1. Kindly count the pairs of lysines across region B:1-110 whose alpha carbons are less than 16 Å apart, treating pairs on different chains or eight or more residues apart as eligible.
2. Quick one: check the C-alpha center-to-center distance for region B:13-78 versus region A:60-75, whole angstrom.
3. Just to be sure I follow the rule: in chain A, considering lysines 8 or more places apart or on different chains, how many pairs have Cα atoms under 22 Å apart?
4. Amide H neighbours of B:THR17 under 5 Å, counting only residues 5+ apart in sequence or on other chains, H built in-plane at 1.01 Å?
5. Run the dipole for the protein assembly as shown about the Cα centre, Lys and Arg Cβ at +1, Asp and Glu Cβ at -1, nothing else charged, and hand back the magnitude in debye, nearest 20.
6. Could you run the Karplus curve 6.51 cos²θ - 1.76 cosθ + 1.60 with θ = phi - 60° over region A:67-74 and give me ³J(HN,Hα) per residue in whole Hz, x for Gly and Pro?
7. Shielding of B:35-45 by partners, i.e. mean partner chain Cβ atoms within 10 Å per residue?
8. So what does the Cα-only Debye profile of the protein assembly as shown read at q = 0.09, 0.11, 0.14, 0.17 Å⁻¹, as log10 I(q)/I(0), no solvent term?
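Where a number appears in this text, it was derived from the coordinates with a stated rule and is not lab data. Computed from a prediction, not measured in an experiment: that's the story for all the values here. Here the Cβ positions follow ideal geometry from the backbone for every residue, glycine too, while neighbour counts run over all protein chains shown.
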Amino acid sequence: KNQVEQSPQSLIILEGKNCTLQCNYTVSPFSNLRWYKQDTGRGPVSLTIMTFSENTKSNGRYTATLDADTKQSSLHITASQLSDSASYICVVSSQYDYKLSFGAGTTVTVRA
Amino acid sequence: GAVVSQHPSWVICKSGTSVKIECRSLDFQATTMFWYRQFPKQSLMLMATSNEGSKATYEQGVEKDKFLINHASLTLSTLTVTSAHPEDSSFYICSARARSGTSSYNEQFFGPGTRLTVL
């Protein structure tokens, strides 16, 4: 069964600080991994997309890494801002299935 | 590009009534649209997959007579919650997958969601 696990479940950081979110998956055969940001009451918005051959990808202050051998990914947020407060969801897709495997998300709260 | 809209953004209805939610791909043609529901502090759960011009495929445990899906065109899919009850209150999100050749990652683009509250 394809699974995606995220950690931590939630975290609180001070504005300006950095944080790293983790994602482990068992989806196989792997196609790509996406990180989404979901604000409360809104739909998910794509931050990064990585395929098997990509190790890192950045989108502004967001940097995602992928280790396809260990099936792990991380999302690093640099110099956090209050607007970064949201749920961050790791989503993995398989080569054979159009369905996406969703992680439960990490809720990030940035405080002034 | 690749914008998906939903209407309404929120709706409150009485128990027993039916509610229709629209999902539109604004600047691309979507051969496939997906409907998800999300409960508080939980991730998205796929309800059904709809392809333009054909019947929707429902996930296990989702009642097809309860959640009617119509994908009449390449830019519009509708979800109708029939005889809604309080337990149907949830956040409903659609996504659309563009036709081949428009995205190398076969990406799904998500709508902003519709908050349904059944009293």
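1. Going through region B:1-110 pair by pair, I get 5.
2. Region B:13-78 and region A:60-75 have Cα centres spaced 31 Å from each other.
3. 9
4. Sorted by chain and number, the residues that satisfy this are B:ALA84.
5. 260
6. Computed from phi, the couplings for region A:67-74 are 10, 5, 6, 8, 6, 10, 9, 9 Hz.
7. Per residue, the number of nearby Cβ atoms from other chains is 4 on average.
8. One equal scatterer on each Cα of the protein assembly as shown leads to -0.38, -0.56, -0.90, -1.26.
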